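The values are calculated or read from the model by the stated rules, or taken from the named source; none is laboratory data. Since this is a predicted model, take the numbers as computed values, not measurements. Positions of Cβ are generated from backbone atoms using ideal geometry, with glycine treated the same way; all protein chains shown enter the neighbour counts. Side chains are part of the model used for accessible areas, which takes the heavy atoms of the whole protein and leaves out ligands, DNA and RNA. Shrake-Rupley method; radii C 1.70, N 1.55, O 1.52, S 1.80 Å.
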Amino acid sequence: MDTNLTIYDTLIIGGGPGGLTAAIYLQRFTRTVALVDKGRSRLGWIPVSHNYPGFPEGINGAELLDRLRAQLANYGGRVIAGEITGLRIEDGLFVGDFLSPAGDTGQLRAHTVLLATGVADAGMPVERWDEAVAAGAVRLCPVCDGFDVIDRRIGVVTSEVNPVGHALFMRSFSTEVLLFERSAESTLTDEDRRQLAAANVRHVLSPLVGVSMSADLKPILHTADGEAYPCDVFYPMLGETARSDLAAALGAETVECQKLLVDERLRTTVPGLYAIGDVTRGLNQIAVAAGQAAIAATCIHNTLPWSLRQRP
Ligand SMILES: Cc1cc2nc3c(=O)[nH]c(=O)nc-3n(C[C@H](O)[C@H](O)[C@H](O)COP(=O)(O)OP(=O)(O)OC[C@H]3O[C@@H](n4cnc5c(N)ncnc54)[C@H](O)[C@@H]3O)c2cc1C
């Protein structure tokens, strides 16, 4: 890779569904693109997604990533494995510091940058986490898969903002929803308790201290008073932090959970710096990331000067 001389039209940071879709659009606009990806897309965690349009049988997340990479390759694009560790503006160009998996470093220069770096999920001690997520026993996205757990026994933990919101949301899918406190100090208001009672959500007062897995990979929720509550599905509702540091260092405005503020064309508050997908404020969904990618890529293409095509 020539990391010093080439000036790309766009440096895309992140190769999940957002970054890959944007790269496909920009390659098809005949733009020069460098897409750098660290390889930790949340899409890769999804056993089967049933709400992404066009796949009536559902689609495995890793398979969807492979398909997007293959589609990008059809137009001459590729994913550069590695990380952008710093981003700055020099002489009117963006300069990204590149670190390869082997430890090699370099710089990538571009007229525009599109950040598609996603979010980092906050951790919680859950036994056999990877296996449990892969089997759908632990789930992270009620919007994605509430339909898939209809009539199961569902455990939910209070979240920092609107502590009862997820439990009430899940109540439209199951009669058996248990809400656990995340800490000894309950943050629930009287109104929250009234809503739980009205919806017949069981509120477990003793705080959750750990989650183990049964032999058949069902979550067992353990509370501080020594009780154990077997469930079919557990939604930890951990909270998340947007990976927006690179943009924030350039002065881009962030809101809750460090998510980036963008306008209707996915422009951040730094000219030439775009952001799409989970790293921006909004709904964390594959379809949203792909839709935002289409808008941002088209805006980038229309904003940069067009080169006139020569006769072949
Ligand atoms: C268990 C689970 C189930 C889900 N189910 C569904 C579902 O059914 N339907 C649905 O619509 N959504 C679902 N989601 C959400 C969906 O996965 C995300 O909304 C989607 O992946 C967001 O895409 P993205 O491109 O914004 O970010 P991501 O897919 O997270 O990709 C970001 C990429 O950027 C890379 N990166 C970060 N920083 C850097 C850097 N500095 N340099 C280089 N690369 C970097 C990361 O390594 C990663 O590869 C689910 C998520 C989880 C965890």
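Descriptive notes on the structure:
- Any pair with Cβ under 7 angstrom, 6 or more apart, that starts in region 258-269 at a residue that is farther than 24 Å from GLY239 by Cβ and ends at one that is exposed (fewer than 15 other Cβ atoms within 10 Å of the Cβ): THR269/GLU253
- Taking the criterion of being touching a Pro at 6+ places or on another chain (Cβ under 8 Å) and of a type in the set (Val, Ile, Thr), the only residue of region 157-183 that qualifies is VAL157.
- Qualifying residues in region 191-219 (those that are among the small types (Gly, Ala, Ser) and surrounded by fewer than 13 Cβ atoms within 10 Å (Cβ to Cβ)) - the one nearest to the chain's Cα centre (by Cα): SER214
- Enumeration of residues in region 129-168 that are within 29 Å of GLU185 (Cβ to Cβ) and in a loop (DSSP other than H, G, I, E, B): ALA137, ARG139, LEU140, CYS141, ARG153, THR158, SER159, GLU160, VAL161, ASN162, PRO163, VAL164
- Taking region 101-147 as the range and being surrounded by fewer than 17 Cβ atoms within 10 Å (Cβ to Cβ) and at pLDDT 95 or above as the test, the residues that pass are PRO101, ALA102, GLY103, ASP104, THR105, GLY106, GLN107, PHE147.
- Residue list for region 260-296, filter: modelled with pLDDT under 95 and of a type in the set (D, E, K, R): ARG281
- Top-ranked residue of region 279-294 - restricted to ones that are open to solvent by 10 Å² or more (accessible area, probe 1.4 Å) and touching an Asp or Glu at 6+ places or on another chain (Cβ under 8 Å), ranked as farthest from the ligand (Cβ to nearest atom): ARG281
- Scanning region 49-84 for residues that are within 22 Å of PRO142 (Cβ to Cβ) and touching a residue at least 24 places away in the same chain (Cβ under 8 Å) turns up SER49, HIS50, ASN51, TYR52, PRO53, LEU64.
- Where VAL133 falls short, out of the listed (1) without any contact (Cβ under 8 Å) to a residue 60 or more places away in the chain; (2) out of contact with any strand residue (DSSP E or B) (no Cβ under 8 Å at 6 or more places or on another chain): (1)
- Among the residues of region 82-101, those that are more than 13 Å from GLY39 (Cα to Cα) and assigned to a loop (DSSP other than H, G, I, E, B) comprise ASP91, GLY92.
- Selected residue [under 30 Å from ALA116 (Cβ atoms), touching a Ser or Thr at 6+ places or on another chain (Cβ under 9 Å) and open to solvent by 50 Å² or more (accessible area, probe 1.4 Å)] from HIS166, HIS222: HIS166
- Of all residues assigned to region 255-274, at least one qualifies as being open to solvent by 30 Å² or more (accessible area, probe 1.4 Å), assigned to a helix (DSSP H, G or I) and within 16 Å of the ligand (Cβ to nearest atom).
- Test for ALA248: is it in a helix (DSSP H, G or I) and away from the ligand (no atom under 11 Å from the Cβ): yes
- Condition check for SER100: touching a strand residue (DSSP E or B) at 6+ places or on another chain (Cβ under 9 Å), of a type in the set (Gly, Ala, Ser), within 13 Å of the ligand (Cβ to nearest atom) and within 18 Å of GLN285 (Cα to Cα): no
This table checks each residue for (1) within 15 Å of PRO236 (Cβ to Cβ); (2) of a type in the set (D, E, K, R); (3) within 11 Å of the ligand (Cβ to nearest atom).
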| site | (1), (2), (3) |
| --- | --- |
| ALA116 | no, no, yes |
| VAL119 | yes, no, yes |
| ASP148 | no, yes, yes |
| GLY165 | yes, no, no |
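- Search result, residues across region 1-43 that are open to solvent by 40 Å² or more (accessible area, probe 1.4 Å) and not basic (Lys, Arg): MET1, ASP2, ASN4, LEU5, THR6, ILE7, TYR25, PHE29, THR30, THR32, GLY39
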